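Colleague: I'd like to ask you about the structure that follows.
The values are calculated or read from the model by the stated rules, or taken from the named source; none is laboratory data. It should be emphasised that the depicted structure is a prediction, and the values quoted were computed from it without experimental measurement. Methodologically, a virtual Cβ is constructed for each residue, glycine included, from the backbone with ideal geometry; neighbour enumeration extends over all protein chains shown. Ligands, DNA and RNA are excluded from the accessible area calculation, which covers all protein heavy atoms including side chains. Shrake-Rupley method; radii C 1.70, N 1.55, O 1.52, S 1.80 Å.
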Amino acid sequence: MLLQVEDLHVTYDTVYGTLNALNGVNLSIEEGETVALVGESGSGKSTLGLSIVRLLPPNGRYSKGSIVLNGKNVVSLSGSEVRRMRGTDVFMVFQDPLNTLNPVKRVSTQVLEALAVRAKKENKAFDQREGISEAIEKFKDVRLPDPEVLIHRYPHQLSGGQIQRVVIAIGLLLKPKLFIADEPTSALDVTIQAQVLKLLNSLKSEYKMSVIFITHDISVAYVIADRFAVLYGGEVSEIGEVSKVVKSPLHPYTKALIESIPKRSRKEGELVAIPGSPPNMLSPPTGCKFHPRCPYVMDVCRTENPPYTEADERTLRCWLYERPPT
Ligand SMILES: Nc1ncnc2c1ncn2[C@@H]1O[C@H](COP(=O)(O)OP(=O)(O)OP(=O)(O)O)[C@@H](O)[C@H]1O
Ligand SMILES: [Mg+2]
């Protein structure tokens, strides 16, 4: 097992009090596997990604649980161990890629820095000219226009979508064991999106890389993922094979999410919103966090959070599939 997240709790200190962003997340990922992390805004997707790369903001805290990546517990690594882990064990493309690149250095300089780190870790000699041509090849793979020219520019001379693809290309050059992509295609236009998705998909076979793909967009997740993990209120409400979860969702929240995919038969661009709003994580509802929006709500749902249950080849948290406590 490459990644094993167990009972992970993460909080943020805020002026309004402690916000419980992750509340007992379990997630395992095998080598070469792609897991799509889906869920509404605020469900904790980015927090989970940042937790895995040990890049929570200063007000974020691991309050309970463990994250074992390639045999090491990320939560308790020292600063130098964390630096060694990044780029080798894991690489993350952030949701807001604009801050990822250093604004005062040319793209070429930053690419060479990344490649120098890789060479050092692999104990190999490093040749700058070879590095640049290797980078240009990767830039072509992510469909960056005029890569030979673009590589010598500064980040502010690139568009948001181009910066995102530069960051994805740097990630690919580093060949990490786990590649975390947080909404990597939302700033890209549809044809480029499809190309980048295809490329990420090919990683699985080419590099045996594992991918965590964070997205709002279920149709995108469907194309790329082996498994689907649905996050709600900082908990995994349902996780299983894509074919199982998408074709026959069990959890009422998953059902609502799948329903919200625009169908071809529906009018162009018409999105079906899920009624109600996501929970306020400063004062989440008691019991199951989805109960205020759930069409199947029962008494027990209002007071008790359901445990993890195995049903129809997946894991989920829902009282409908569990005998309520007596
Ligand atoms: N730096 C922070 N300080 C305080 N609260 C935060 C911080 N970052 C995130 N949160 C809160 O933590 C919860 C989870 O946020 P997170 O960004 O992980 O959600 P997300 O699923 O990535 O959402 P989105 O789809 O909008 O990117 C939310 O309630 C959010 O408001
Ligand atoms: Mg996010």
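Colleague: May I ask you to list the trypsin sites (Lys or Arg not before Pro) in region 155-246 that are in a DSSP loop and have at most 15 other Cβ atoms within 10 Å of their Cβ?
Modeller: Lys208
Colleague: Would you mind computing Rg(Cα) / (2.2 N^0.38 Å) for region 90-175, counting N as its residues?
Modeller: 1.00
Colleague: Go through 42-49, 66-73, 247-254, 27-34 and give me the packing order, highest mean Cβ count within 10 Å leading.
Modeller: Peptide ranking by packing, descending: 42-49, 247-254, 27-34, 66-73.
Colleague: Find which of Ser237, Cys301, Gly60 sits farthest along the positive direction of the dipole of the chain, computed with +1 on the beta-carbon of Lys and Arg, -1 on that of Asp and Glu, about the Cα centre.
Modeller: Checking the options against the dipole of the chain, the answer is Gly60.
Colleague: For region 100-254, with equal point scatterers placed on the C-alpha atoms only and solvent neglected, what are the log10 I(q)/I(0) values from the Debye formula at q = 0.19 1/Å, to two decimals?
Modeller: -1.17
Colleague: Is the C-alpha gyration tensor of region 38-191 telling us rounded, prolate or oblate? Criteria: a/c under 1.5 is rounded; beyond that, a/b larger than b/c is prolate, otherwise oblate.
Modeller: Oblate is the answer for region 38-191, as a/c is 1.5 or above yet b/c matches or exceeds a/b.
Colleague: Extension gain Ser219-Tyr308, at 0.36 nm per residue separation less the Cα-Cα distance, in nm?
Modeller: 29.4 nm
Colleague: Using DSSP to define loop residues, name the GluC sites (Glu not before Pro) in region 111-196 whose beta-carbon has at most 11 other beta-carbon atoms within 10 Å.
Modeller: Of the GluC sites (Glu not before Pro), the ones in loops of region 111-196 whose Cβ has at most 11 other Cβ atoms within 10 Å are Glu122.
Colleague: On to the next question. Whole number in Å², please: accessible area per residue of the chain, 1.4 Å probe, ligands, DNA and RNA not counted.
Modeller: Ligands and nucleic acids excluded, the figure is 48 Å² per residue.
Colleague: Under 20 °C and 1.002 mPa s, how fast does region 1-50 diffuse according to Stokes-Einstein, given a Kirkwood radius computed over C-alpha pairs? Answer in µm²/s, whole number.
Modeller: Stokes-Einstein gives a translational diffusion coefficient of 176 µm²/s.
Colleague: Helix-only estimate, please: 222 nm mean residue ellipticity of the chain, summing -39500 (n - 2.57) across DSSP H runs of length 4 or more and dividing by its residues, to the nearest 500.
Modeller: Using -39500 (n - 2.57) per qualifying helix, the result is -9500 deg cm²/dmol.
Colleague: Okay, next question. Provide the FRET efficiency to the nearest 0.05 for the Glu122-Arg153 pair, computing r from the beta carbons and using R0 = 30 Å.
Modeller: Efficiency, rounded to the nearest 0.05: 0.60.
Colleague: Here's something else I'd like to know. If you take every DSSP beta bridge whose two residues both sit in the chain, what share of them, in percent to the nearest 5, is antiparallel?
Modeller: Approximately 65 percent, going by the DSSP bridge assignments.
Colleague: Using a 1.4 Å probe on the protein chains only, how many percent of the accessible area of region 89-162 belongs to carbon and sulfur?
Modeller: On region 89-162, the fraction of accessible area on carbon and sulfur atoms equals 49 percent.
Colleague: I would also like to ask the following. For a quick check of your reading of the filter: which GluC sites (Glu not before Pro) in region 150-241 sit in a DSSP loop and have no more than 16 other Cβ atoms within 10 Å?
Modeller: Answer by residue number: there is no such site.
Colleague: A follow-up question, please. So for the chain, averaging the separation of alpha carbon pairs under 8 Å that are six or more residues apart and normalising by length, what relative contact order in percent results?
Modeller: With pairs under 8 Å counted, the relative contact order is 21 percent.
Colleague: How far, in degrees from 0 to 90, does helix 128-141 lean away from the longest principal axis of the Cα atoms of the chain, to the nearest 10?
Modeller: Between helix and principal axis, roughly 40 degrees.
Colleague: Additional query: So how tilted is helix 107-121 from the main axis of the chain? Cα-based, degrees 0 to 90, rounded to 10.
Modeller: Rounded to the nearest ten degrees, it is 80.
Colleague: How high is the relative contact order of region 90-175, given as a whole-number percent (alpha carbon pairs under 8 Å, six or more residues apart)?
Modeller: Relative contact order, region 90-175: 46 percent.
Colleague: Now for a separate question. Once the piece of chain linking Ser133 and Glu6 is laid out straight, how much longer is it, given 0.36 nm per residue of separation minus the C-alpha distance between them?
Modeller: Value of the extension gain: 41.6 nm.
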